[in-house]
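Asks: Quick one: this structure, given as structure tokens, is what I'll be asking you about.
The values are calculated or read from the model by the stated rules, or taken from the named source; none is laboratory data. Because the structure is predicted, anything quoted here is derived from the model rather than measured. Please note: Cβ atoms are built from the backbone with ideal geometry, for glycine as well, and neighbour counts cover all protein chains shown. Each accessible area value is taken on the protein alone, full model and side chains, heavy atoms only, with ligands, DNA and RNA left out. Shrake-Rupley method; radii C 1.70, N 1.55, O 1.52, S 1.80 Å.
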Amino acid sequence: MVKNVLMVAYHFPPIRVSSGLQRSLAFSKYLPENGWKPIVLTAHPRAYEKISDDQLKDIPENVPVVRAFALDTSRHLSIAGRYLTFTALPDRWVTWWIGGVWSGMRFIRKFRPKVIWTTYPIATAHLIGLTLHKLTGLPWIADFRDSMTEDHYPSNKLVRKVYLWIEKKTVYSCSRAVFTTHGAIRMYRNRYPDIQKDKWVVIPNGYNEEIFSEIEKSLSVSKKTDGIQQKTPLTLIHSGIIYPSERNPNHLFKAISSLKKEKLIDREKLKVILRATGHDHHYKTILEQLNIADIVHLEPGVSYREALVEMFKADGLLLLQGKNCNHQIPAKLYEYLRARRPILALTDLNGDTASTLIEAGCNYIAPLDKEEKIRSVLLKYLSALETKEFLSLSDNIIVRYSRKCQTKNLADLLDEI
């Protein structure tokens, strides 16, 4: 017998984001294969800063989707770019709470779901889940993904206070709290020592095998038609947001600058593409000051499929993760693994990101904040790219992170509840 689950997710097509929507979209696609029918409650597209139609076709036709009333406070409720603080607590989409609860109750009466599932990083989603859970008594899975609060996050004291309230209410009210890494769960076990251990569950991020297979086939046909062309210079890609604090690339930039001065690399040998950093203006100044704008290129965002095609075509893939995020893993890591391109990871060896990469067979890793070590590893990495001396990645590990496998884990959790 198929059972219904109400899925509350802000990130859902047609929103245009780097990877945030892939988790919700994949769960909605593969849950029916595991005996659960998803009913998706998301926000009206007007609330999204950027939209794109490129993944609307990936929404299964038989999945009901309601786009509840929602506004973006900064765009819809501001005057001359300013708005009252309380109109953006816990976040700029708090109006979605009103629309989400109203539409959610209608959905619950119509489809009689057995479980409510909500997903962060939009805090209002958990606020909707908390309210619907209290109104209906339905069991609730809170998909945190990453930590909701940390010692200095959110930085605004009032916002942090509201976040902490929502986090605490969620942890004590939900049936299961799901995170994407073991490091995040260790953090929350220490924070809430009185919570029973079986409440904490890990379901990692992953990749969508169907989309990757589709792209591989199209690239295979393209190669047969166009022939294989030798690429110069070596192209290294970083796809997605580069946060100035959590993924600070300054030491990488300095390493590239010093290697250029010593004439060990130049634009004829290396091209680094930073795709959709979200902070181009900030990095543009640094690249010009270090005289490496001819090697490191800031490029605008592209559609999800175009980004994956670029990963496949690149000589290598770049991953950045600061030591202050040791309990997190960038979602793109799993897509990098599936693309099976050589990975250069600048991250702390003691973090969850490095552990996952090492387990998969990736061994070109250096701390993000150590220029000399980055220099050394980068030179070895580029040499290996030229000679194609890379160990093959573990297929068993890669398959484990397919979205289909992770959806099976979610379905088992739903069955358990």
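Asks: Report, in listed order, any pair from 29/168; 110/134; 134/169 with a Cα-Cα distance greater than 22 Å. It would help to have the intermediate numbers written out before the result.
Replies: Details: 29/168 31 Å; 110/134 18 Å; 134/169 11 Å.
Pairs exceeding the cut-off: 29/168.
Asks: Among 194, 395, 266, which one shows the biggest mean-square fluctuation in a GNM of the chain, springs joining Cα atoms closer than 10 Å?
Replies: Among 194, 395, 266, the largest mean-square fluctuation in the Gaussian network model of the chain belongs to 194.
Asks: How much of the DSSP bridge set in the chain is antiparallel, in percent, rounded to the nearest 5?
Replies: Details: 3 of 47 bridges.
Rounded to the nearest five, the antiparallel share is 5 percent.
Asks: Which of rounded, prolate, oblate describes region 311-417, given a ≥ b ≥ c as roots of the alpha-carbon gyration tensor eigenvalues and a/c under 1.5 marking rounded, otherwise prolate only if a/b is larger than b/c?
Replies: Numbers: a/c = 2.84, a/b = 1.60, b/c = 1.77.
Because a/c hits 1.5 or more and a/b fails to exceed b/c, region 311-417 counts as oblate.
Asks: Round to the nearest 10 and give me the degree value, 0 to 90, for the angle of helix 20-30's Cα axis relative to the longest principal axis of the chain.
Replies: Roughly 60 degrees, rounded to the nearest 10.
Asks: Hey, another quick one. Round to a whole angstrom and tell me the spacing of the C-alpha centers of region 97-132 and region 228-267.
Replies: Taking the Cα centre of each part, region 97-132 and region 228-267 sit 44 Å apart.
Asks: Would you compute, from DSSP H runs of 4+ residues alone, the mean residue ellipticity of the chain at 222 nm, taking -39500 (n - 2.57) per run and dividing by the full residue count, rounded to the nearest 500?
Replies: Numbers: 15 runs with 177 residues, N = 417.
My calculation for the chain gives -13000 deg cm²/dmol from helical runs alone.
Asks: With unit charges on the beta carbons (Lys and Arg positive, Asp and Glu negative) and the dipole taken about the Cα centre of the chain, which residue among 47, 333, 202 sits farthest to the positive side?
Replies: 47
Asks: Related question: Quick check: Cα centre of region 188-223 to Cα centre of region 320-355, how many Å?
Replies: Using only Cα atoms, the two centres lie 13 Å from each other.
Asks: Give, in nm to one decimal, the length gained when the segment between residue 363 and residue 395 is fully stretched (0.36 nm per residue of separation minus the Cα-Cα distance). Spell out each step's value before the answer.
Replies: Working: separation 32, 0.36 × 32 = 11.52 nm, distance 1.58 nm.
Extending this stretch completely gives an extra 9.9 nm.
Asks: Given the C-alpha centroids of region 33-68 and region 77-93, what is the distance between them in whole angstrom?
Replies: Using only Cα atoms, the two centres lie 26 Å from each other.
Asks: Then there's this: Kindly express, to the nearest 10 degrees and within the range 0 to 90, the angle between helix 250-261's C-alpha long axis and the longest C-alpha principal axis of the chain.
Replies: Once rounded, one gets 10 degrees.
Asks: What's the carbon and sulfur percent of the chain's accessible surface, probe 1.4 angstrom, rounded to a whole number? Walk me through the numbers before you get to the answer.
Replies: Values: 10150 of 19470 Å².
Carbon plus sulfur share of accessible area: 52 percent.
Asks: Note down the relative contact order for the chain as a percent, whole number, built from C-alpha pairs under 8 angstrom at least six residues apart.
Replies: Values: 732 pairs, mean separation 58.4, N = 417.
After rounding, I find 14 percent.
Asks: Hey, another quick one. At a Cα cut-off below 13 Å, give the aspartates and glutamates reachable from residue 260, other chains included and same-chain residues fewer than 8 away excluded.
Replies: Reachable aspartates and glutamates: 268, 294.
Asks: Now, a different point. Considering only DSSP beta bridges with both partners in region 193-347, what is the antiparallel share in %, to the nearest 5? Numbers along the way, then the final one.
Replies: Working: 0 of 16 bridges.
So the antiparallel bridges amount to about 0 percent of the total.
Asks: With a ≥ b ≥ c taken as the square roots of the eigenvalues of the C-alpha gyration tensor of region 126-209, please select rounded if a/c is under 1.5 and otherwise prolate if a/b is larger than b/c or oblate if it is not? Display every interim value, and only then the final one.
Replies: Values: a/c = 1.37, a/b = 1.04, b/c = 1.32.
Rounded, because the longest to shortest axis ratio a/c is under 1.5.
Asks: Excluding residues on the same chain fewer than 8 positions from residue 161, give the aspartates and glutamates whose Cα lies under 20 Å from its Cα.
Replies: Within the straight-line limit of under 20 Å, residue 161 reaches these aspartates and glutamates: 91, 146, 150, 151.
Asks: Hey, which of these cross-link pairs are over 27 Å Cα-Cα: 199/370; 50/332; 254/332?
Replies: Working: 199/370 38 Å; 50/332 20 Å; 254/332 24 Å.
Pairs exceeding the cut-off: 199/370.
Asks: Also, quick follow-up: Using a 7 Å offset from the Cα along the Cα-to-Cβ direction at both residue 1 and residue 218, what is the distance between the two label points in nm, to one decimal?
Replies: In this crude spin-label approximation the distance works out to 4.3 nm.
Asks: While we're on this one: Please give every one of the lysines within straight-line cross-link reach of residue 217, meaning a C-alpha to C-alpha distance under 16 Å, and leave out same-chain neighbours fewer than 8 residues apart.
Replies: By straight Cα distance, residue 217 reaches 313.
Asks: Keeping all protein chains in place, calculate the accessible area per residue for the chain (probe 1.4 angstrom), answer in Å².
Replies: Working: 19470 Å² over 417 residues.
Value returned for the chain: 47 Å² of accessible area per residue.
Asks: Can you give the relative contact order of region 2-97 as a percent, counting alpha carbon pairs under 8 Å and 6+ residues apart?
Replies: Relative contact order comes out at 27 percent.
Asks: Note down the magnitude of the dipole of the chain about its Cα centre, charges +1 on Lys and Arg C-beta and -1 on Asp and Glu C-beta and zero elsewhere, to the nearest 20 debye.
Replies: 940
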